[in-house]
Amino acid sequence: MPSWPVNQWYVAAYSEEIGDGLLGRTICGEPLVFYRTGEGEVVALADRCVHRRYPLSLSHLKDDQIVCGYHGFTYDKTGACVAAPAQKRIPRTARVPAWTVREQDSLVWVWIGDQELADEALIPRAPWLDSPDYTVVRGMEPLKARYSLLVDNLMDLSHETYLHGGYIGTPEVAETPITTEVDEDANVVYVSRHMDDAECPPFYSKSTGIDGRITRWQDVEYHAPCLYLLHSRIAPAGVLPPEEGPDDKAFHVEVTYGITPSTEHETLDFWMVSRDFALDDEEVTEFLATNNHTVVMQDVVALDLLEKVVEGEKENYQELSINIDTGALAARRILTKLVAQGEERTAAAKAVTAP
Ligand code: FES
Ligand SMILES: [Fe+2]
């Protein structure tokens, strides 16, 4: 049984990554090939030719169809083989599976599981990613670690003080207690840490120009399994949001992560930082891109290391958890529930369609 929930949407790519070529990417153990048709529609097919298994992502596109790079089997956007060399009749079974994909908020989402169950309304939102009111920097780092380690990492921000000291971490992040709420029906975990009088980390002092101490709010929303949002509010100490009207004395940064399992021991870490200030300032853009990449790589190094430790340990190893882990433990409970539900729905769908 895979460790990720099926019958779920996952971030497969950024919209801009799918242009006029073929993109191969393994999502939840499924090797997929993505491309964009002339009309702009994104297509996802199994990345394996039915003939001798050549990867279609290493083949080429012609008129919205993939021509296999080995012997030329040609597939349309539904996955049906429409041409084979040296024969007119194409075997009826010559088709590769096609996956349901949707583009929303500049992300390409793929539905992993029973394709008939795909429901577009369930895709979580991150509207600032393609809003003119924000400037976004982003990247993707492949992790050699299971996705649950990245969920743990993002749900507890106390690690900022230690792993990311000098960038985003200051003593207050580890010292201020958190509040945690769980919406069991929506499968969302909320973790908040509001610091009223905190040191301003270089990441924010350099990008906002604030000098002196700050009010720093971190409100996390984890939409299990795939989308993580950190609403970050930074303002000079004492400046709280007004009762009414826009919160325009504060700087807002939306940190967004797509947490996509690739294989059991690999994860695609899509990271995005959106800001509502200095929108056209190239220097701020460059600073946030470079610094956030550094922060992400600090996590990558730590998580790749942790994966080796976890893989090598004896079964039933007991971890110790404390208050700061409340959000991560809630996330784990939801993921366990979703894994079980995914399996049940797939089994139920199979039972109905079995002859
Ligand atoms: S492997 Fe693709 S056509 Fe032979
Ligand atoms: Fe981190």
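The values are calculated or read from the model by the stated rules, or taken from the named source; none is laboratory data. Bear in mind that the values here come from a model prediction, so they are computed numbers and not experimental data. A quick note on method: Cβ atoms are made from the backbone with ideal geometry, for glycine too, and the neighbour counts reach across all protein chains shown. When the accessible area is computed, the model is the full protein with side chains, heavy atoms only, and any ligands, DNA or RNA have been set aside. Shrake-Rupley method; radii C 1.70, N 1.55, O 1.52, S 1.80 Å.
Between residue 301 and residue 3, the contour length at 0.36 nm per residue exceeds the Cα-Cα span by 105.1 nm.
Hey, which of these cross-link pairs are over 30 Å Cα-Cα: 62/88; 314/337; 144/249; 308/337; 144/314? Flagged as over cut-off: 144/249.
Using the Kyte-Doolittle scale, find the helices of the chain whose mean hydropathy is at least -1.0 and whose Cα atoms extend 15 Å or more along the helix's long axis, counting only whole DSSP H runs.
282-312, 326-353
Among 139, 201, 81, pick out the residue whose Cα is farthest towards the positive end of the charge dipole of the range 60-212, where Lys and Arg carry +1 and Asp and Glu carry -1 on C-beta, about the Cα centre. Of 139, 201, 81, it is 81. Rounded to the nearest 20 debye, the dipole magnitude of the range 251-322 is 220 debye, with +1 charges on Lys and Arg beta carbons, -1 on Asp and Glu beta carbons, and the Cα centre as origin. Computed in the context of the full set of protein chains, the accessible area of the range 56-163 at 1.4 Å probe radius has 52% of its extent on carbon or sulfur. Principal axis extents of the C-alpha atoms in the range 191-251 (largest first, rounded to whole Å): 38, 30, 18. Dipole size of the range 4-153 about its Cα centre, with +1 on Lys/Arg Cβ and -1 on Asp/Glu Cβ: approximately 1000 debye, rounded to the nearest 20. Counted residue by residue at 0.36 nm each, then reduced by the alpha carbon distance between them, the extension gain from residue 315 to residue 131 reaches 61.6 nm. Placing +1 on the Cβ of every Lys and Arg and -1 on the Cβ of every Asp and Glu, with no other charges, gives the chain a dipole of roughly 2120 debye about its Cα centre.
Each peptide among 286-293, 243-250 gets the average number of other Cβ atoms lying within 10 Å of its residues, and from highest to lowest they stand as 286-293, 243-250.
In the context of the full set of protein chains, the chain has a per residue accessible area of 50 Å² (1.4 Å probe).
Each peptide in 320-327, 61-68, 186-193 gets a packing score, the mean of other Cβ atoms within 10 Å over its residues, and the list from highest to lowest is 186-193, 61-68, 320-327. For the chain, the normalised intensity computed at q = 0.09 Å⁻¹ comes to -0.56 (log10 of I(q)/I(0), Debye sum over alpha carbons, equal scatterers, no solvent).
Quick check: at a probe of 1.4 Å, how many percent of the accessible area of the range 198-355 sits on carbon and sulfur atoms?
In the range 198-355, the share of accessible area belonging to carbon and sulfur is 56 percent.
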